[in-house]
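Note sheet for the following structure.
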Amino acid sequence: MKELAAKYSAAQVEDKWYQYWLEHKCFHSEPNEKEPYTIVIPPPNVTGILHMGHVLNNTLNDVLIRKARMDGKNACWVPGTDHASIATESKVVAKLKAMGISKEEIGREEFLKHAWEWKEEHGGIILQQLRKLGCSCDWDRTRFTMEPELSEAVINTFVYFYKKGWIYKGVRMVNWDPEALTAVSDDEVIHKDTKSHFYHLKYFISDGNGHPTDKYLVIATTRPETIMADAAICVNPKDERHFWLKGKKVLIPLINREIPVIEDDYVEMDFGTGCLKVTPAHDVHDYEIGLRHNLPVLEIIDDHGRLNEKALILVGEDRFVARKKIVKMLEEAGNLLKVEDYTSPVGYSERTDAVIEPKLSAQWFLKMETLARMALETVESGRTKFIPEKYVNTYRHWMENARDWCISRQLWWGQRIPAYYLPDGSYVVEATPEAALKAAQAINPEIKAEDLRQDEDVLDTWFSSWLWPVSVFDPQKPGHPDHKPNRDLAYYYPTNDLVTGPDIIFFWVARMIMAGEEFMGKEPFSNVYFTGIVRDKIGRKMSKTLGNSPNPLDLIQTYGADAVRIGMLLCSSAGNDIFYDEAQIKQGAAFCNKIWNSYRLVKGFAVDASAQPSQAARVAMEWFKAKLSEAVLQVEDHYGKFRISDALMTIYKLFWDDYCSSYLEAIKPAFGQPVDRLTYDTTLSFFEDLLKLIHPVMPFITEELWQDLAEREEGETIMFAPAPKAVAYDAAVLEHFAMAMEAVNGVRGVRNQRNIAPKEVLTLKIKGSAFPSEVIPIVEKMGNAKVETAGGFEGVQGVGFLVRTHEMMVVLDGMVNLQEEIEKTQKELEHQQKFLAGVRGKLSNERFVSNAPAAVIENERKKEADALSRIESLESKLKQMKEN
RNA sequence: GGGCGGUUAGCUCAGCUGGUUCAGAGCACCUGCCUUACAAGCAGGGGGUCACUGGUUCGAAUCCAGUACCGCCCACCA
């Protein structure tokens, strides 16, 4: 046995054991006869780096997977990354831009080469970082959403839904991100209340020849830069104020284009001026009004958010610059009536934070109706449970209102939509160009391969990640519901638990459920555990710009991965946001050190094979055995309810308070004395159980000590050591020990108050013989006191206290201020009398006695009896003290 | 605007379908200790009208209603 350092050093331990686990393939899983326990990782962005949110999430995942492994299940945690089309593409675009290259210049193929290079260079860093955290992922199964097999799955899925009639292409108003230059789905738009202005503009009535009369109407708009695209002015047909406008034409300010006044119920009479400018090309509702009234669509904003030549004025200006300028022009032209401050919700792109521009364009959509209905049923029926449950409401609301999913993106990094256009503009959808050619030739036999043009768009990244729980095992399955699942899929699917943030409940969780139900006819996981968002100490979200996000790797470097894991878990109850505080990680590090030193203590004992355990040691061993079982049951219960931080706290207290502060102190031999064999062996076996109990949370230090505990075979690991099981125990054992500790606390309290050194042996008198005698050795050992149960307290001076109903006194001849003691006792007596009065009040209440359950009444009677007994002894004590 | 959740100690939270001497935990704080495993430690201690108001009940932190504040999700009033 090597010398153990006085402090635990994580740095020297963690990499060593991670390597060991890798070398012995401890994380790898293959289907076998055991029950599977499966988790698929929420795939991080391939080019992302580890942040505190990942740490929280993956720590939880790892705790669950390690727990399952020790419970004897065949645990499989599939890792991987997501290609994150918008995020990655914009990074590559930025990089090229720095080199003076634009993506249009080099074209799709060349661009993708750069993108793949980028991916190879930066991709998977995050997976390396997860290793530092101790994550026991099956790295042999690492997947990437854009690897060939998974891309094929995505394409097959597209073709499948297209042929099913659920995918369609349509010209719609979509959310256009002028920075990323792509459409995004409704879910990727974040509405934020934004301060702006309400501009009241005069539109003069036309005389019929394109000249203004002196009459005018007033519209109110937040977007004056779009007036050049106006197609009409709309009023409510019931609005008497505007009857005179019927059939009139008005002139758009500045450009003097004539537009009609139309009527539509959509316009609210009591909002704004009751006159609405209709701009079909740049507003969703206006577009719909336009459809109803056959209005022309005039688009004046280009993809970058700049005014184009159709605007006639301010051409080339950015929309926000144009807004400022046009306001001035309107003012000068006499069209600006007034400007009000106004706050309204504005849509921002989730990815780029650019203000979303509603834009009319041809996009691909997936019908949600049936999928949403199925996926709602999965959760409502409880086949998939949400933890915490409150998210079911959120989920239901979304599922009941799900709109068709815009799945096309005007990007290159992603799976390209397998639609192939014929020269006449019609198209076919097939998984491969060959199949597409065949299909096209069925329409027109003349068609050659080079006549076909594939759709330029790629698919939304979520359109690949929604297949994740299926495709990581069997990429052939999605898109082919009739395909017989391969061995892996049949064994590992459905997965057990999913741990993720609530921010992607719709993006990802809901859609995985849809895909799982559609292709497997079964939910993809049994439980979804939603973590909170990691915030800083004062509640702000962690962000790069605030600089309040620590680098997890630095923390691991400083405190060790075990400490970081503990720190995150300590404050993480499900569904609550996490207020990150480095102090918690320090607490974790302190715990590591505590574990380390408790081992050092025991390992430092000299063992005398012939000696017998002391009385105190015998009692302590019996007690701790029971205590351990009790804790195991509690821990199991907590895990079962996904109360991971509670499970951790239970173990933490078991280790620190019960094992270290109570048990070890009870069995500790006198200085320089050996310990007997039985006590020694039992203690180490308790310690081993504790290590196993904590291992899922603190994998490294537990492995280090477990390996040191005994000779282990090469390749053996605590990872597969069976978790400690609870055994039947006698509750009285726990109860009596607790009473002994209360007596000990009483003695210690007296010492503290009177500054009596711990080394000085005291005498503790216990009145009567009812106090459980078997734990008296504990009282003596831990209180460093001699216990006397014989005889009364007559003529003895000391400080008294009560343990339950047992009267005790620390003998302190000549050191007691009698008056003080009398006052203290008097106070205690009054307290007890009040308590008794309360209990008796209840018991004398007719309605309580007749209504309350028998057990409750019984308990009240016991309280009464206990109080009476205490009062009696206090009174006699008082009397005695006064006589002295 | 609609919906959901929350408010318990200085901080972060637990307290399940009302009744264990129910007001708890961890951290922080205060006091005393460098007692030969650990000062990243040991021993002891203080601290809360359970947001507010009313109701139901023999009994409410717990159930109901309303109020206030906080947070989240959804949402097209220009």
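The values are calculated or read from the model by the stated rules, or taken from the named source; none is laboratory data. For clarity, every value in this text was computed on a predicted model and none was experimentally measured. We place every Cβ from the backbone using ideal geometry, glycine too, and count neighbours over all the protein chains shown. These accessible areas exclude ligands, DNA and RNA; they are computed on the full protein's heavy atoms, side chains included. Shrake-Rupley method; radii C 1.70, N 1.55, O 1.52, S 1.80 Å.
Descriptive notes on the structure:
- Derived scalar couplings ³J(HN,Hα) [segment A:259-265; Karplus, 6.51 cos²θ - 1.76 cosθ + 1.60; whole Hz; x for Gly, Pro]: 10, x, 9, 10, 10, 7, 5
- Aspartates and glutamates with Cα under 19 Å of A:LYS132, excluding same-chain neighbours fewer than 8 positions away: A:GLU14, A:ASP15, A:GLU23, A:ASP62, A:ASP140, A:ASP554, A:ASP562, A:GLU582, A:GLU703, A:GLU704
- Estimated from helical segments only, the mean residue ellipticity of chain A at 222 nm is -13500 deg cm²/dmol, where each DSSP H run of four or more residues counts as -39500 (n - 2.57).
- Chain A shape via C-alpha gyration tensor axes, a/c threshold 1.5: prolate
- Applying the Karplus relation 6.51 cos²θ - 1.76 cosθ + 1.60 with θ = phi - 60° to segment A:62-79 yields 3J(HN,Hα) values of 5, 4, 5, 6, 5, 4, 4, 4, 6, 7, x, 8, 8, 8, 9, 10, 8, x Hz, where x marks Gly and Pro.
- Three-way shape label, segment A:73-164, alpha-carbon gyration tensor, a/c 1.5: oblate
- Tensor-based shape of segment A:617-746 (alpha-carbon gyration tensor, a/c under 1.5 rounded, otherwise prolate or oblate): oblate
- The long axis of helix A:615-640 is offset from the longest Cα principal axis of chain A by roughly 20 degrees.
- To the nearest ten degrees, helix A:699-709 and the longest principal axis of the Cα atoms of chain A are 30 degrees apart.
- Backbone amide hydrogens, once placed in the peptide plane, bring A:VAL787 within less than 5 Å of A:LEU764, excluding anything fewer than 5 places away on its chain.
- Database remark: amide H of A:VAL250 closer than 5 angstrom to the amide H of A:SER206, A:ILE259, A:VAL261 (H placed geometrically; neighbours at sequence offset of 5 or more, or on other chains; Pro and chain starts carry no H).
- Alpha-carbon centroids, segment A:1-47 and segment A:201-220: separation in whole Å: 75
- Helix A:511-520 and the longest principal axis of the C-alpha atoms of chain A enclose an angle of approximately 90°.
- Over all other residues within a Cβ to Cβ distance under 14 Å of A:PRO481, the charged ones net out to +1, with Lys and Arg as +1 and Asp and Glu as -1.
- Residues whose amide H comes within less than 5 Å of that of A:GLN454, counting only those at least five positions distant or on another chain, are A:TYR421 (H built at 1.01 Å from N in the peptide plane).
- Residues of segment A:23-163: accessible area per residue with a 1.4 Å probe, Å²: 37
- Largest accessible area first, the residues A:ARG487, A:ARG306, A:ARG403, A:ARG409 order themselves as A:ARG403, A:ARG487, A:ARG306, A:ARG409 under a 1.4 Å probe with ligands, DNA and RNA left out.
- Local electrostatic count, A:SER685, Cβ distance below 12 Å [Lys/Arg +1, Asp/Glu -1]: -1
- Counting 0.36 nm for each residue step from A:LYS325 to A:GLU377 and taking away their Cα separation leaves a gain of 13.4 nm.
- For segment A:751-832, share of DSSP beta bridges that run antiparallel, in % to the nearest 5: 70
- Separation of segment A:273-348 and segment A:64-139, taken as the distance between their Cα centroids, equals 41 angstrom.
- Converting phi to 3J(HN,Hα) with the Karplus coefficients 6.51, -1.76 and 1.60 and the offset θ = phi - 60°, segment A:723-731 yields 5, x, 10, 6, 10, 5, 9, 8, 4 Hz in sequence order, with x at every glycine or proline.
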